[in-house]
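K.L.:
Before we start, here is the structure in question, set down as structure tokens.
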């Protein structure tokens, strides 16, 4: 089984600010900036065949470039922070892209 989600990479010009949030929360195992992403749709646990089929469908999705804005941030974890999150301001383009990922599922 594969635990999968569809995501966009975080633009490099936002890495520094998000990395600063991580640095301010000691004791956690942080991800490198190049792994920062914006989750569009969580698919859960899929078999290899399901993952391959989903990859084919997601690979057909195209969109024009669009702007993203961060409007808040925080972290989650049980006792210690384990992940930093940033809230992305909703937009028609982002909703459309997320809906197409949902349809692929």
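K.L.:
Of the residues that sit in the range 35-54 and are surrounded by 13 or more Cβ atoms within 10 Å (Cβ to Cβ) and within 17 Å of residue 9 (Cα to Cα), which one is modelled with the lowest pLDDT?
P.N.:
36
K.L.:
Is it fair to say residue 65 is at pLDDT below 80, in a loop (DSSP other than H, G, I, E, B) and either touching a strand residue (DSSP E or B) at 6+ places or on another chain (Cβ under 8 Å) or under 21 Å from residue 100 (Cβ atoms) (or both)?
P.N.:
No.
K.L.:
Has the range 76-87 got at least one residue that is in contact (Cβ under 8 Å) with a residue 12 or more places away in the chain, touching a strand residue (DSSP E or B) at 6+ places or on another chain (Cβ under 9 Å) and assigned to a helix (DSSP H, G or I)?
P.N.:
The answer is no, given that none of the residues of the range 76-87 is in contact (Cβ under 8 Å) with a residue 12 or more places away in the chain, touching a strand residue (DSSP E or B) at 6+ places or on another chain (Cβ under 9 Å) and assigned to a helix (DSSP H, G or I).
K.L.:
So which of 82, 91 is surrounded by 10 or more Cβ atoms within 10 Å (Cβ to Cβ), more than 14 Å from the chain's Cα centre (by Cα) and at pLDDT below 80?
P.N.:
After applying the criteria, what remains is 82.
K.L.:
Follow-up question, since we're still on this one. If residue 30 meets every condition in (1) more than 27 Å from residue 92 (Cβ to Cβ); (2) within 14 Å of the chain's Cα centre (by Cα); (3) assigned to a loop (DSSP other than H, G, I, E, B) apart from one, which number is that one?
P.N.:
(2) is the only condition that residue 30 fails.
K.L.:
Moving on to the next point. Return the pairs, sorted by first residue and then second, in which the second residue is at pLDDT 95 or above and surrounded by 13 or more Cβ atoms within 10 Å (Cβ to Cβ), the first residue lies in the range 37-60 and is on the phi > 0 side of the Ramachandran plot and outside any helix (DSSP H, G or I), the beta carbons are less than 8 Å apart, and the residues are 6+ apart or on different chains.
P.N.:
Correct list of pairs: 44/4.
The values are calculated or read from the model by the stated rules, or taken from the named source; none is laboratory data. Everything quoted here is computed from the prediction, not taken from an experiment. Glycine also receives a Cβ, built like all others from the backbone with ideal geometry; neighbour counts cover every protein chain displayed.
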